[in-house]
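Report on the following structure.
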Amino acid sequence: MMGGFLGEKVGEGTTADIHAWAPGQVVKLFKAGVPTRLGKHEARMTRAAFTGGAPAPEVYGEVNVDGRFGFVMRRFDGPTLRDLLLTQAVTPEQAGAILATLYMSVHRTRPPPNVVSLRDWIEAVSRQSVHVLPLEIVAGVLGLIDRLPAPEGLCHTDLHPGNVIMTTSGPKIIDWTCAVRAHTVFDLGRAHISLTELVPEDADPELARAIDLAVQSEYARLAGTALAEFTATMEPHLSIVRAFVLLQRRPATSAQRERLIQRVAGALLSEANFQWRTPDHC
């Protein structure tokens with residue numbers, strides 16, 4: 001085991017706990033039952049993003065604590081962007097601008113070769129998730145990916161205020177589990193779907209929409225393009241985003257899942273070679 005010891009818990013997520021480890025370091029320790037391969041994958045993606053120059057934590061090594069896999073990384077001290085939003089220390093417009101700047105930083109990072117392509121990710125995950133997304137929809141989505149122009153960039157795919165640490169040296173991004181190589185508008189589409197179609201019932205939808213608009217407006221400005229042109233480029237990728245979200249099993253309710261499936265199917269119906277029947281498995 002590399003130098004350090006399990007200290008106080010400083011954070012917790014669905015799959016892992018974050019503990020202090022050594023000065024300036026934390027360990028992300030995955031919970032019992034979480035496959036080790038998933039933890040190792042996140043460690044690889046985080047290391048790849050950092051090596052490529054993205055605002056990600058440096059990974060120092062892997063450990064095993066009482067049978068639980070973990071990886072040690074640099075500790076980012078500071079509140080999350082979500083914390084600042086909840087305390088109204090930043091406005092939705094400011095939060096959106098921060099996120100847009102981070103998106104641009106990620107997208108300007110040359111995607112490391114060991115980061116999986118979006119197409120390969122969907123194809124691989126869908127094989128184990130037939131009960132989540134019907135095979136005919138998967139085939140339609142893969143066909144759409146093949147037809148869309150897709151200059152590949154590095155995409156985080158889960159960049160939200162809770163995954164941004166506001167350090168004294170600037171905002172940093174954590175949780176690189178689902179990083180992929182994809183058209184960069186896919187990343188913005190992922191944020192758009194989260195902020196408009198997957199808003200939790202106890203959250204403020206107006207706040208979410210304000211953040212979404214700010215992200216898109218600032219990103220378009222940084223990219224030197226008109227907002228209308230940017231949203232038009234993003235629109236055909238939204239069916240792919242919805243399929244991706246379904247395969248991530250992120251919808252909070254069965255109603256959200258059904259709506260996403262129907263929207264993907266509805267968009268694909270415009271394709272002459274796509275056939276869809278009313279699902280009886282939803």
Practice task
Calculate, axis by axis, the spread of Cα positions in region 81-268 along the three principal axes, and write the results as whole Å, longest axis first.
Solution key: 46, 37, 31
Handout entry: Antiparallel %, DSSP beta bridges [both residues in the chain], to 5
Key = 95 percent
Problem - Nonlocal amide H pairs with residue 153, under 5 Å, H built at 1.01 Å - result: 182, 183, 184
Practice task
Can you quote the Å³ per residue value for the convex hull of the Cα atoms in region 106-158, rounded to an integer?
Solution key: 89 Å³
Handout entry: Karplus-derived HN-Hα couplings along region 170-178 (A = 6.51, B = -1.76, C = 1.60, θ = phi - 60°), whole Hz, x at Gly and Pro
Key = x, x, 10, 10, 10, 6, 9, 3, 9
Completion exercise
Lys and Arg at +1, Asp and Glu at -1: neighbours of residue 114 with Cβ under 14 Å from its Cβ sum to +2
Exercise for the section: Just report the Cα centroid separation between region 115-180 and region 86-112, whole Å. Expected result: 18 Å
Handout entry: Leading residue at positive end of dipole, region 81-268 (Cβ point charges), from 98, 261, 248
Key = 248
Handout entry: Sequence-distant residues sharing a close amide H with residue 65 (under 5 Å, placed H)
Key = 70
Problem - Phi to ³J(HN,Hα) by Karplus 6.51 cos²θ - 1.76 cosθ + 1.60 over region 254-268, Hz, x for Gly, Pro - result: 5, 5, 4, 4, 4, 5, 4, 4, 5, 5, 5, 4, x, 5, 6
Handout entry: Cα long-axis angle, helix 118-127 against the chain (0 to 90 degrees, to the nearest 10)
Key = 80 degrees
Practice task
Mind checking which lysines have their Cα closer than 21 Å to the Cα of residue 31? Skip sequence neighbours fewer than 8 apart in that chain.
Solution key: 9, 40
Exercise for the section: Please give the helix 92-107 orientation as an angle from the longest Cα principal axis of the chain, in degrees from 0 to 90, rounded to the nearest 10. Expected result: 90 degrees
Fill in the blank from the handout: To the nearest 20 debye, the chain has a Cα-centred charge dipole, built from +1 on Lys and Arg Cβ and -1 on Asp and Glu Cβ, of 720 debye
Fill in the blank from the handout: Per the charge dipole of the chain (beta-carbon charges, Lys/Arg positive, Asp/Glu negative, Cα centre), the residue among 211, 182, 223 reaching farthest to the positive end is 182
Problem - Under-5 Å amide H pairs with residue 25, H placed in peptide plane, nonlocal only - result: 75
Handout entry: Equivalent ellipsoid semi-axes - Cα gyration tensor, region 1-120, angstrom
Key = 26, 20, 13
Completion exercise
The exposure ranking of 21, 176, fewest beta-carbon neighbours within 10 Å first, is 21, 176
Exercise for the section: Arrange the peptides 84-92, 237-245 so that the one whose residues have, on average, the most other Cβ atoms within 10 Å appears first. Expected result: 237-245, 84-92
Problem - Degrees separating the helix 205-223 axis from the principal Cα axis of the chain, which is the longest one - result: 90 degrees
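Rule-based calculations on the coordinates, nothing more; no lab input. Only a predicted model underlies this, so the values are computations on that prediction, with no experimental measurement involved. For neighbour counting, all protein chains shown are included, and Cβ atoms are generated from backbone atoms with ideal geometry for every residue, glycine included.
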